[in-house]
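The values are calculated or read from the model by the stated rules, or taken from the named source; none is laboratory data. All of these numbers come straight from a predicted model, not from anything done at the bench. Every residue, glycine among them, receives a Cβ derived from its backbone with ideal geometry; neighbour counts consider all protein chains shown. Surface areas here come from the heavy atoms of the whole protein model, side chains and all, with no ligands, DNA or RNA. Shrake-Rupley method; radii C 1.70, N 1.55, O 1.52, S 1.80 Å.
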Amino acid sequence: MRALPESGFRGANDLFRRALLWQPLSDEEWAGNAALYEPGRVLGAFVDGELAGTTRTITNVLAVPGGRRLPAGAVTGVGVRADQTRRGVLTSLMRAQLEEVRERGEAVAMLHASEAVIYERFGYGVATRCRRVELDRPSVAVRAEVPRGGRVRLVDQAKAEPLLPAIYERCGLDRPGRIGRADAWWSARWSMWGKGLTVAVHADEDGVDDGFVIYEPKTDDNWSITVRVIDVSAADATAAAELWRFLLDLDLADRLVAGIRPVDEPLEWWLTDRRQCRITTVEDDLWVRLVDVLAAFRARTFGAAEPVVVEVRDAFLPENEGRYRVAPDGVHRCSGEPQLSFDVATLAALYLGDQSASALVAAGRIQAHDPAAVPAADSLFATVVPPWCGTSF
Ligand SMILES: CC(=O)SCCNC(=O)CCNC(=O)[C@H](O)C(C)(C)COP(=O)(O)OP(=O)(O)OC[C@H]1O[C@@H](n2cnc3c(N)ncnc32)[C@H](O)[C@@H]1OP(=O)(O)O
């Protein structure tokens, strides 16, 4: 197990893509992706001198309740050669990677999972969810009271490329679960999206850009046009409503399809017939691993409630195990009797506010030793808006 030199990055990418049963990247595609491989953060596992598995980490931040941007390692590129699986290669990679994340002072690691059964054993849990929506555009009418303001304009891709990162930086990390988008992320995305997409930007009443949409129209063999909505990021409800109104007004578009959207996006509330917004899936979005539980607790704020003593189990990183007193004025380790017990993967579901303690007790994922602590934990961990990531990596 070792960090790969830069000369090994392309081989690691090939191995990862083959593990996912994807074709390797062409030279041109690799050129657009190479900057995503950070020196020192690409791990290789070797068996008999040959690369058998890989993973890498991207230096990033995670918005947590209270608004802080917590340094976080974004884990991706996980793959083990098909002839080396189920021999513990991934387990060794995960151990080395989490150690490296902790050494760098990143209190959390995060990932998007190819399968839901892989990562919980390493302490990751679902921390945000997202939904996919479809709308038959000609059947949709927007209610009169939906917020209006500012203006939406089309922007050429060449002009959008330098513009969007700054808008995202200003308005994108506006709720728990949102993460940063570095220059290398944007370059790789532009190269992956190609030339077939369109960008529209919203400016507020003062002319300040405060949101954007990226979409791609596709015409099928029957001349039916589907608009795939790749991204909508907006600073506030007015910008979001105007960007969606723009999409819903696109002449000739038959269908809008949007994936990885927040579960509380008020699309159905904007429509005269809410059933025209079809929610086709709600699924796991960001998985979070609290690598340093105390530091992660201390990075977020908590709601008003009586303090609660929680006991955290963490078989993979036992240094996190123990009792923590969680209170609105701070968190510290303690030795008192635990009122609630859970494992670190379950803590991920509480941490950004996606699930209430009550729901997790009902699911059997939290053991409540003191029933009074359950509503208190509900109030401590609750967030005003559900967390959402919405950024693939
Ligand atoms: C963040 C991302 O990059 S997501 C992309 C993840 N990559 C992929 O899905 C590519 C295809 N899959 C693979 O490359 C591999 O199968 C991996 C990476 C998922 C697993 O690698 P392996 O080296 O086989 O895992 P390892 O042997 O360490 O398994 C550890 C445990 O997890 C279990 N496990 C691993 N993968 C899976 C799986 N896909 N489904 C069910 N169980 C699994 C193993 O059975 C083992 O269980 P045990 O401890 O009870 O014996």
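Computed from the Cα positions only, the extents of the range 119-200 along the three principal axes stand at 48, 33, 25 Å, in decreasing order. The mean sequence separation of alpha-carbon pairs under 8 Å and at least six residues apart, normalised by the residue count of the range 292-381, gives a relative contact order of 31 percent. Each residue of the range 321-331 was assigned a 3J(HN,Hα) from its phi angle through the Karplus curve 6.51 cos²θ - 1.76 cosθ + 1.60 (θ = phi - 60°); the sequence is 5, x, 10, 10, 9, 9, 9, x, 8, x, 10 Hz, with glycine and proline shown as x.
Which of the trypsin sites (Lys or Arg not before Pro) across the range 44-142 are loop residues per DSSP, with 12 or fewer other Cβ within 10 Å?
Working: sites: 56, 68, 69, 81, 86, 87, 95, 102, 104, 121, 129, 131, 132; in loops: 68, 81, 86, 87, 104.
Counting only loop positions with at most 12 other Cβ atoms within 10 Å, the trypsin sites (Lys or Arg not before Pro) in the range 44-142 are 86.
For the chain, the alpha-carbon radius of gyration amounts to 1.04 times the rule-of-thumb value 2.2 N^0.38 Å expected for a compact globular protein.
The range 30-68 and the range 241-314 have Cα centres spaced 26 Å apart. Membrane-span-like helices in the chain, defined purely by DSSP H runs whose alpha carbon atoms cover 18 Å or more axially and whose average Kyte-Doolittle hydropathy reaches -1.0, are 89-103, 157-171. Applying the Karplus relation 6.51 cos²θ - 1.76 cosθ + 1.60 with θ = phi - 60° to the range 31-37 yields 3J(HN,Hα) values of 4, x, 10, 4, 5, 6, 8 Hz, where x marks Gly and Pro. When the Cα positions of 88, 12, 47 are compared along the charge dipole of the range 2-106, 88 comes out farthest toward the positive end, with charges on each C-beta of Lys, Arg, Asp and Glu. The amide H of residue 58, built 1.01 Å from its N in the peptide plane, has 74, 75, 76 as neighbours under 5 Å, considering only residues 5 or more places off or on other chains. Considering every alpha-carbon pair of the range 165-265, the percent of pairs per 5 Å bin, from zero through the bin containing the longest distance, is 2, 11, 21, 24, 20, 14, 6, 2, 0. Per-residue SASA remark: residue 198, around 40 Å² accessible (1.4 Å probe; ligands, DNA and RNA not included).
In order along the range 82-88, the phi-based Karplus estimate (6.51 cos²θ - 1.76 cosθ + 1.60, θ = phi - 60°) of 3J(HN,Hα) comes to 4, 8, 10, 6, 6, 10, x Hz; Gly and Pro are listed as x. Altogether, the Stokes-Einstein calculation at 25 °C and 0.890 mPa s, with the Kirkwood radius of the range 292-381 over Cα pairs as Rh, returns a diffusion coefficient of 193 µm²/s. Once backbone amide H atoms are built at 1.01 Å from N, residue 233 has 212 as its partners under 5 Å, excluding neighbours fewer than 5 places away on the same chain.
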